[in-house]
Amino acid sequence: MLATSTSSSPSTMDAENVAHFSRLSSQWWDEKGEFALLHAMNPVRLDFMRAKMQEVGEWDETRELLLARERGDREMQVQRKWEQGGKWLQGLNTLDVGCGGGLLSESLARLGANVTGIDASPENVTIAKLHAQHDPSFSKGTPRYENIMAEDLLARRRKQNEEGFDVVCAMEVVEHVKEPALFLETLADLLKPGGHLFMSTIARTPLSYFLTILMAEQVLRLVTPGTHNHAQYINPSELVDFFSTKVPWIGQTQTQSQPARIQYETRGVAYLPWKAGWELAPRGSGRYGSELANYFFWVRKPLAVT
């Protein structure tokens with residue numbers, strides 16, 4: 001499913017998908033419209049991101065403290081930034097790939113991140129820029145938006161010798177691109193060592209077809225028919241395998257002593273109509289079919305990539 005492209009000039013752009021979302025661009029900030037489910041999912045996405053970054057951050061802090069004690073340094077104090085609350089992304093350079101109208105980008109900026117949002121649709125980028133202009137708290141240049149493909153951004157940053165991002169997000173994007181392997185490799189290369197990659201996507205199962213296409217598109221008309229292509233869905237196991245083999249971050253020698261949850265994680269997320277909201281499945285749980293439909297994926301780039 002995630003085979004590497006053999007094209008001499010591969011691109012991740014799916015022109016049909018880009019045109020589809022361009023036509024819907026004016027609806028991005030209508031909380032009861034086409035993107036209502038994404039508006040409802042946004043808080044859950046942020047909760048997952050914060051929990052993972054806190055878990056890994058505290059692991060790193062504890063490890064640094066133990067190493068210091070082994071060196072005989074009894075004076076070292078770790079920065080317990082997670083106890084401060086509030087802007088837990090303060091100062092982190094964060095990339096939102098496939099930002100759409102800026103739903104996630106704006107939230108990340110409010111949490112202190114220096115946000116760059118990119119999208120293949122110029123109409124989406126226009127909407128994102130216009131909406132951000134209405135919030136005076138964004139006057140310091142974040143979020144900033146650009147109509148550019150991820151691979152083109154990577155090529156430009158390499159040419160300019162710019163370092164990678166601390167955090168890269170691609171939420172509800174990978175199922176809409178061509179050449180998913182190239183897309184994932186590009187995301188990986190856009191991250192700095194030790195950086196965090198967050199994704200949200202849909203598993204390729206009979207249940208996901210029933211929920212996201214038959215019900216959401218054809219019966220309930222929650223989203224426009226044609227928004228999803230079941231064949232482009234990616235299973236959690238495929239992402240884990242990709243980041244274990246093609247981009248071998250998981251299970252590296254330097255990370256083998258770490259618990260799996262400090263290297264990567266997949267978590268199912270389900271929309272509960274009786275709550276009118278999304279709920280994250282408990283870790284290791286089969287609740288709601290767990291990862292048989294929508295799910296989150298996180299992986300960390302090792303500090304030294306072999």
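So the values come out like this:
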quantity: Condition check for Ser200: in a strand (DSSP E or B) and under 22 Å from Asn17 (Cα atoms); calculated: yes
quantity: Boolean, Leu153 is within 15 Å of the chain's Cα centre (by Cα) and hydrophobic (A, V, I, L, M, F, W, C); calculated: no
quantity: Looking only at segment 211-246, and only at residues there that are closer than 13 Å to Val174 by Cβ and among the polar types (S, T, N, Q), the one that is surrounded by the fewest Cβ atoms within 10 Å (Cβ to Cβ); calculated: Asn229
quantity: Number of the exception - Leu2 against (1) outside any helix (DSSP H, G or I); (2) at pLDDT 75 or above; (3) buried (at least 16 other Cβ atoms within 10 Å of the Cβ); calculated: (2)
quantity: Enumeration of residues in segment 87-118 that are within 12 Å of Trp28 (Cβ to Cβ) and in contact (Cβ under 8 Å) with a residue 40 or more places away in the chain; calculated: Cys99, Gly100, Gly101, Gly102, Leu103, Leu104, Ser105
quantity: Residue that is nearest to Ser25 (Cα to Cα), among those in segment 203-248 that are aliphatic (A, V, I, L, M) and assigned to a loop (DSSP other than H, G, I, E, B); calculated: Val223
quantity: Residues located in segment 269-306, provided they are farther than 24 Å from Glu31 by Cβ, modelled with pLDDT of 90 or more and of a type in the set (Gly, Ala, Ser); calculated: Ala281
quantity: Top-ranked residue in segment 109-123 [being touching a strand residue (DSSP E or B) at 6+ places or on another chain (Cβ under 8 Å) and farther than 14 Å from Gly141 by Cβ; ranked as surrounded by the most Cβ atoms within 10 Å (Cβ to Cβ)]; calculated: Asp119
quantity: Residues located in segment 29-43, provided they are assigned to a helix (DSSP H, G or I) and either buried (at least 20 other Cβ atoms within 10 Å of the Cβ) or touching a helix residue (DSSP H, G or I) at 6+ places or on another chain (Cβ under 6 Å) (or both); calculated: Leu38, Met41, Asn42
quantity: Looking only at segment 191-203, and only at residues there that are surrounded by fewer than 18 Cβ atoms within 10 Å (Cβ to Cβ) and in contact with an Asp or Glu (Cβ under 9 Å, 6 or more places away or on another chain), the one that is nearest to Gly100 (Cα to Cα); calculated: Lys192
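The values are calculated or read from the model by the stated rules, or taken from the named source; none is laboratory data. Values in this document were obtained by computation on a predicted structure and should not be read as measured data. Every residue, glycine among them, receives a Cβ derived from its backbone with ideal geometry; neighbour counts consider all protein chains shown.
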